[in-house]
1. Of the residues that sit in the stretch 99-118 and are assigned to a helix (DSSP H, G or I) and in contact with a helix residue (DSSP H, G or I) (Cβ under 7 Å, 6 or more places away or on another chain), which one is nearest to residue 38 (Cα to Cα)?
2. Residues to consider are 213, 146; find the one that is more than 14 Å from the ligand (Cβ to nearest atom), modelled with pLDDT under 95 and part of a loop (DSSP other than H, G, I, E, B).
3. If you scan the stretch 230-258, which residues turn out to be surrounded by fewer than 20 Cβ atoms within 10 Å (Cβ to Cβ) and closer than 13 Å to residue 220 by Cα?
4. What's the total number of residues in the stretch 165-192 that are touching a helix residue (DSSP H, G or I) at 6+ places or on another chain (Cβ under 7 Å) and away from the ligand (no atom under 11 Å from the Cβ)?
5. Would you pick out the residues in the stretch 225-238 that are away from the ligand (no atom under 14 Å from the Cβ) and touching a residue at least 40 places away in the same chain (Cβ under 8 Å)?
6. Would you confirm whether or not the stretch 188-198 contains a residue that is at pLDDT below 90, assigned to a helix (DSSP H, G or I) and surrounded by fewer than 18 Cβ atoms within 10 Å (Cβ to Cβ)?
7. When both residues are 6+ apart or on different chains and their Cβ atoms are under 7 Å apart, which pairs have a first residue that lies in the stretch 152-164 and is farther than 16 Å from residue 104 by Cβ and away from the ligand (no atom under 15 Å from the Cβ), and a second that is part of a helix (DSSP H, G or I) and modelled with pLDDT of 95 or more?
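The values are calculated or read from the model by the stated rules, or taken from the named source; none is laboratory data. Just so it is clear, the model here is predicted, and its values are computed rather than measured. Here the Cβ is made from the backbone with ideal geometry for all residues, glycine too, and neighbour counts use every protein chain on show.
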Ligand code: ADP
């Protein structure tokens, strides 16, 4: 795999059920991704966490309820988050770019083309694009006109758009199980999933943590998009980002959707 999209969830960036940054995980992530760049790979990071980080910065212990408040908190957190990435990646001599996307990239061909060109240019310049949804523009209205829904699906859309060889989705769980392991201890890990059918969707429960967003459902929607486009996705535990090395070495970690 040469062109890789990595999506990291809030649950891997913050300590469980808090809005406190897991600096060790972030530092390791920056190390691994920078090292991959040195191996000649093209790397795009899709990072969640803006709302959680914003909550930490503003001293809130509950996710705000109204959309405007969520947008405000997200924009505080997004700035801080990018600042942290900027610092961590700079440590390894790497440059990052902030790319805030809206559903426009799917709706308008010209927007799609512009975004594609920007990605190409950044990758050519050896920069690591860091993608998130533009929360202050995208409103989660009923019709979902402007919103991707979540970063799981956004990461698949980005992987489609730039024709990535692999999407690596890092979460707080070892992979996709036959049921939610948090509530069903006998659930078993699927090593490979080749299609998203009704029985697979049934196995997916909601989010595990207060700060995680989509749970498994949105990860399966992302996988569906990836499979439809004949691409590959691995869902794995982001507790230690070095797992990315194991994934790229083809070791059987996590769940492979292919
Ligand atoms: P992230 O913040 O990494 O996107 P989420 O909390 O949104 O993570 O989603 C991961 C959670 O999904 C897991 O911690 C787990 O509790 C839950 N989950 C529900 N169903 C499943 C399943 N079938 N297999 C694995 N995890 C599941």
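1. We begin by selecting, within the stretch 99-118, every residue assigned to a helix (DSSP H, G or I); these are 104-107, 109-118.
When the remaining residues are screened for being in contact with a helix residue (DSSP H, G or I) (Cβ under 7 Å, 6 or more places away or on another chain), the result is 104-106, 111-112, 115-116.
Working: 104: 33, 105: 30, 106: 32, 111: 31, 112: 29, 115: 25, 116: 23 Å.
Filtering the stretch 99-118 for residues that are assigned to a helix (DSSP H, G or I) and in contact with a helix residue (DSSP H, G or I) (Cβ under 7 Å, 6 or more places away or on another chain), the one nearest to residue 38 (Cα to Cα) comes out as 116.
2. None of the others qualify; the one that does is 146.
3. Hits for the stretch 230-258 are 232, 258.
4. Total meeting the criteria: 2.
5. First, pick out the residues of the stretch 225-238 that are away from the ligand (no atom under 14 Å from the Cβ): 225-232.
Within the stretch 225-238, 225, 226, 229, 231, 232 qualify.
6. Narrowing the stretch 188-198 to residues at pLDDT below 90: 198.
Now narrow it down to the ones that are assigned to a helix (DSSP H, G or I): 198.
Going one step further and asking which of them are surrounded by fewer than 18 Cβ atoms within 10 Å (Cβ to Cβ), we end up with 198.
Yes; the residues of the stretch 188-198 include at least one that is at pLDDT below 90, assigned to a helix (DSSP H, G or I) and surrounded by fewer than 18 Cβ atoms within 10 Å (Cβ to Cβ).
7. The qualifying pairs are 159/226; 162/116; 162/119.
One line per residue, one yes/no per condition, for (1) more than 21 Å from residue 3 (Cβ to Cβ); (2) more than 14 Å from the chain's Cα centre (by Cα):
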residue	(1), (2)
162	no, yes
168	no, no
204	yes, yes
232	no, yes
252	yes, yes
